[in-house]
Amino acid sequence: MDILDVIKKEHREAASMLDQALKCEPGDQKLVDLAKRIEYALSTHVQIEERLLYSRLRKDAEEEEQLVDVYEAYTEHDVAGHLIALLKSGRKPDEKFKAELQVLGESIKHHVKEEESTVFAIARKLLSDGERDELGEKWTKARQRMDAAKPGKATKAVKKKASVR
């Protein structure tokens, strides 16, 4: 599967969670649960994307403008990382928490819009269909490894194994 399709799918999933969070009222415990899911989804997405796609585009950039666009995407990830860190604080889901989540959502939506136009265009120019498919397969494997190693996953697997005995 083309890496750009994989990325788009994850973008839509993150946007859905962010939209759900915006519908919550401050104080709603659902905000905390959504924040944890959003934090995990975005953190892992950024890690895989930078390792597989951005590093490749940075290396293969043919024009200065392409390189600037790739570095802009890295910078937007860095900004999102600071906002994501706020979600890990363990605070109550008060008005400030919801505001930070809202700013994260706005930042992510802006990033996605630019990435899906500018960065994807660079990827289509620099990478063949086969290369994008290969990167998509690598992404899928990386996602599976990260999801399997997610805290709580091993515990569930161990519990399931223990109940079988």
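Please treat every number below as a calculation from the coordinates, not as lab data. Everything numeric here is computed off the predicted structure, so don't read it as measured data. Ideal geometry is used to build each Cβ from the backbone, glycine not excepted, and the neighbour counts take in all protein chains shown.
Contact order, relative form, for the range 6-165: 31 percent (alpha carbon pairs under 8 Å, 6 or more residues apart, mean separation divided by residue count). What net charge do the residues around E95 carry, taking every other residue with its C-beta under 12 Å from that of E95, with Lys and Arg at +1 and Asp and Glu at -1? Local charge sum for E95: 0. Put a plus charge on the Cβ of each Lys and Arg, a minus charge on the Cβ of each Asp and Glu, and nothing anywhere else: the dipole of the range 3-164 about its Cα centre is then about 1460 debye.
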